[in-house]
Amino acid sequence: MTITYREAVRSGMREALQRDPRVFLMGEDVGKYGGTYACSKGLLDEFGPERIRDTPLSESTFVGAGIGAALGGMRPIVEVMTVNFSLLALDQILNNAATLRHMSGGQFNVPLVVRMATGAGRQVAAQHSHSLEGWYAHIPGITVLTPATVTDARGMLLTALEQPDPVFIFEHAYLYSMEGLLEEGPAAVEISHAAIRRIGSDVSLLTFGGCLWKALAAATQLAKEGIEAEVVDLRVLRPLDRETLLASVRKTHRAVVIDEAWRTGSFAAEVSAVIMEQAFYELDAPVARVCSEEVPIPYPKHLEEAALPSAEKIAQAVRRLLG
Amino acid sequence: MTVPITREQGLELLRQMLRIRRFEERAAELYQLGKIHGFLHLYIGEEAVAAGSIPALTQDDAVVATYREHGHALVRGTSMRSLMAELYGKATGCARGRGGSMHFFDASRRFYGGLAIVGGGLPVAVGLALADKLQGRARVTACYFGDGAVAEGEFHESLNLAALWKLPVLFLCENNLYAMGTALARHQSQTDIAGKARAYAMTAHTVDGMDVLAVEVATGRAVESIRQGHGPCLLEYRTYRFRAHSMYDAELYRTKDEVNAWKQRDPIAVFQQTLRAAKLLYDEDWKNLDASIAAEVEDAVAFAEAGPWEPIDDLSKDVCSRTVGDQRSASA
């Protein structure tokens, strides 16, 4: 079955709401409006205003209320419209959600799921184009997921709701309209492993989220040039599945890490460090990174494209490695 | 003079205030001795608020407090032993020693901290109350915070959301007149905190926080109203901190005369006099009370001293659980 990414997210939420009375959704415009990205369209009519709750534009408080509701026995899905606005809730996320289990000596846990859109590419300029999932992956105590396929968009949410601790799901805004094939099998998917999206032998393209599709496009182009790239979808930024990415690098002996965030202090830097620490002697070339340029993301299309990773930039990075 | 309580009730209020006072006086000594480290925010002077308000709650209700929460945990019923051990950082502490003074937790008493970012507890309290509302439970969540928190956006957001959704939250503002070292009038254009709550269509009252009976009466009424489904309420307790913000500060922000004037209203001394005048307290009672609390404090110190440290091997324990449905560890 082929569905859009937004339909996949909606399908996951609907199934969760149907099967578990503790699940409810709250966030900005999730009810009457149907969700900024239309992910929750129709859910208010189906589940009513107690379970589909429009919130004020109070990110810190409705994320904190999600933490409290989770402590109180519910299974909240909190939709923060975009990662850009999640900064207003960062105190609740870092100081409460992520610390409570450890700081309370294991007495409390926070089974909270927070979803938000991330990423650039839609000409919405600097304040609405951030890719900060790597920041979140810095925080012990939370799980960070970056579904790139429709199967993951639906299934990761369902699995996330089974976790006893906070899970943050970053949905690349560019993907919501993308159509994809929903894989057969149980809706819930595992959230512990990276996935090999394309098998190859010459270079490993390590990426996640929206950049997966750019990496796959680059791999298609490179194949025409006789270069077989393996594409690894990291899927879970924390806890990172090091084994799968290292196994790929040990096979291909070359790695390009692709990350839409700025290069400095990026998650790509973390992946690169993991390779240095654990597969240095397997490498035939230095690890390369394709990240965003170190600028606030500009509005005009040509400048935005120049700032972001692209299939061509990825292909060029591979050619340089194999040079 | 008569007071509207029994001798037993009066002695209990006095006992709880004195437990807080003696516990903290001892903690301050232990800090000087190097037994306790980090921040130690003392509640001395403000005891009437915790002692008068917590008993209005049932064991099913929830408490969210701040970094100045020793008194709240003591009155809530967490053992003095485990609290003192927590101050020491021992594994026998109420949070296995991981939080110290600012982070008391007790799941068995629905005591959710000990949250030390100013204003950060209010949204959590709103969420706890939301969970109760969604699950049809007639429970109340009591959320303590100081006048400093009133400047935070979360105060306004949380009052709005709690009132909008008619959630069973009792907001208890312990207005000790200073946000750390900045007087209320130096950081607020409008110093009437109860009035701010009313702006969010919430019932709110100002209470004499140095008078334990006034605290008890006002809190009891508020809890009852919330439990009957009338929505959240804010109580602003006017109180005063006798000691420094944390263990040390130069106190350049207030005069000795001001501190001394407030000490004339010491909630323990005043209530002791009230009970004596009403012939509900006699010298013998006071001696017994003082001696039993002194013994409880020394027992708690001995317990803390004897307690083990958490093994370093457990450092990563309870960061997060193993990922459900997967065999590989997701901890740390």
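A few remarks follow.
- Residue check, A:Gln123 closer than 19 Å to A:Pro309 by Cβ and part of a loop (DSSP other than H, G, I, E, B): yes
- Conditions (1) without any contact (Cβ under 8 Å) to a residue 40 or more places away in the chain; (2) surrounded by fewer than 18 Cβ atoms within 10 Å (Cβ to Cβ): number failed by A:Leu246: (2)
- Screening A:Leu90 against (1) facing another protein chain (nearest Cβ under 8 Å); (2) within 15 Å of A:Arg115 (Cα to Cα) leaves a single unmet condition, (1).
- Flag for B:Leu161 being among the hydrophobic types (A, V, I, L, M, F, W, C), within 9 Å of chain A (Cβ to nearest Cβ) and farther than 22 Å from B:Leu57 by Cα: yes
- Selection status of A:Tyr5, within 21 Å of the chain's Cα centre (by Cα) and either within 13 Å of B:Gly127 (Cα to Cα) or at pLDDT 95 or above (or both): yes
- Count of residues meeting criterion [within 14 Å of chain B (Cβ to nearest Cβ) and not in a loop (DSSP other than H, G, I, E, B)] in segment A:2-43: 6
- Look at (1) within 8 Å of chain B (Cβ to nearest Cβ); (2) under 23 Å from A:His128 (Cα atoms); (3) out of contact with any strand residue (DSSP E or B) (no Cβ under 8 Å at 6 or more places or on another chain) and you find that A:Phe62 fails only one, number (3).
- Qualifying positions in segment A:176-193 - over 21 Å from B:Ser321 (Cβ atoms) and crowded, with 17+ Cβ neighbours inside 10 Å: A:Tyr176, A:Met178, A:Gly180, A:Leu182, A:Ala187
- Taking the criterion of being of a type outside the set (Asp, Glu) and either facing chain A (nearest Cβ under 10 Å) or without any contact (Cβ under 8 Å) to a residue 12 or more places away in the chain (or both), the residues of segment B:80-99 that qualify are B:Ala91, B:Gly93, B:Cys94, B:Ala95, B:Arg96, B:Gly97, B:Arg98, B:Gly99.
- If the condition is being in a loop (DSSP other than H, G, I, E, B), on the phi < 0 side of the Ramachandran plot and in contact (Cβ under 8 Å) with a residue 40 or more places away in the chain, then segment B:109-141 contributes B:Leu115, B:Ala116, B:Val118, B:Arg137, B:Ala138, B:Arg139, B:Val140.
- Helices (runs of 4 or more DSSP H) within segment B:1-83 that include 1 or more residues out of contact with any Gly (no Cβ under 9 Å at 6 or more places or on another chain) and farther than 28 Å from A:Gly72 by Cβ: B:7-32
- Verdict on B:His70 being more than 14 Å from chain A (Cβ to nearest Cβ) and touching a Leu at 6+ places or on another chain (Cβ under 8 Å): yes
- Just one of (1) under 14 Å from the mean Cα position of the chain (by Cα); (2) part of a helix (DSSP H, G or I); (3) over 23 Å from B:Ala27 (Cβ atoms) fails for B:Ser101. It is (3).
- Any hit, segment B:142-156, residues being in a loop (DSSP other than H, G, I, E, B) and within 14 Å of chain A (Cβ to nearest Cβ): yes
- Residue selected from segment B:157-182 under the condition touching a Phe, Trp or Tyr at 6+ places or on another chain (Cβ under 6 Å) and either among the β-branched types (Val, Ile, Thr) or part of a helix (DSSP H, G or I) (or both), by the criterion farthest from A:Ala89 (Cα to Cα): B:Ala163
- Test: residue in segment A:161-178 that is within 13 Å of the chain's Cα centre (by Cα), of a type outside the set (Val, Ile, Thr) and within 14 Å of chain B (Cβ to nearest Cβ): yes
- Here segment A:203-240 is the region considered, the condition is being surrounded by 19 or more Cβ atoms within 10 Å (Cβ to Cβ) and of a type in the set (Asp, Glu), and the residue that is nearest to the other protein chains (Cβ to nearest Cβ) is A:Asp233.
- Within segment A:190-229, if we keep just the residues that are of a type in the set (D, E, K, R) and assigned to a loop (DSSP other than H, G, I, E, B), the residue that is nearest to A:Pro147 (Cα to Cα) turns out to be A:Glu190.
- Residues in segment A:44-53 that are within 10 Å of chain B (Cβ to nearest Cβ) and surrounded by 12 or more Cβ atoms within 10 Å (Cβ to Cβ) were compared, and the one that is nearest to A:Met13 (Cα to Cα) is A:Arg51.
- Annotation: B:Leu234 fulfils all but one of (1) assigned to a loop (DSSP other than H, G, I, E, B); (2) buried (at least 17 other Cβ atoms within 10 Å of the Cβ); the unmet one is (1).
- Note on segment B:188-227: residues that are of a type outside the set (Asp, Glu), on the phi < 0 side of the Ramachandran plot and not in a helix (DSSP H, G or I) amount to 14.
- Extreme residue, nearest to A:His102 (Cα to Cα), among residues of segment B:276-315 that are outside any helix (DSSP H, G or I) and hydrophobic (A, V, I, L, M, F, W, C): B:Leu315
- Residue within segment A:250-259 that is under 15 Å from the mean Cα position of the chain (by Cα) and either assigned to a strand (DSSP E or B) or within 30 Å of A:Met13 (Cβ to Cβ) (or both) present: yes
The values are calculated or read from the model by the stated rules, or taken from the named source; none is laboratory data. Just so you know, these numbers come straight off a predicted model, no measurement behind them. Reconstructed Cβ throughout: ideal geometry from the backbone, glycine too, with neighbour counts over all protein chains shown.
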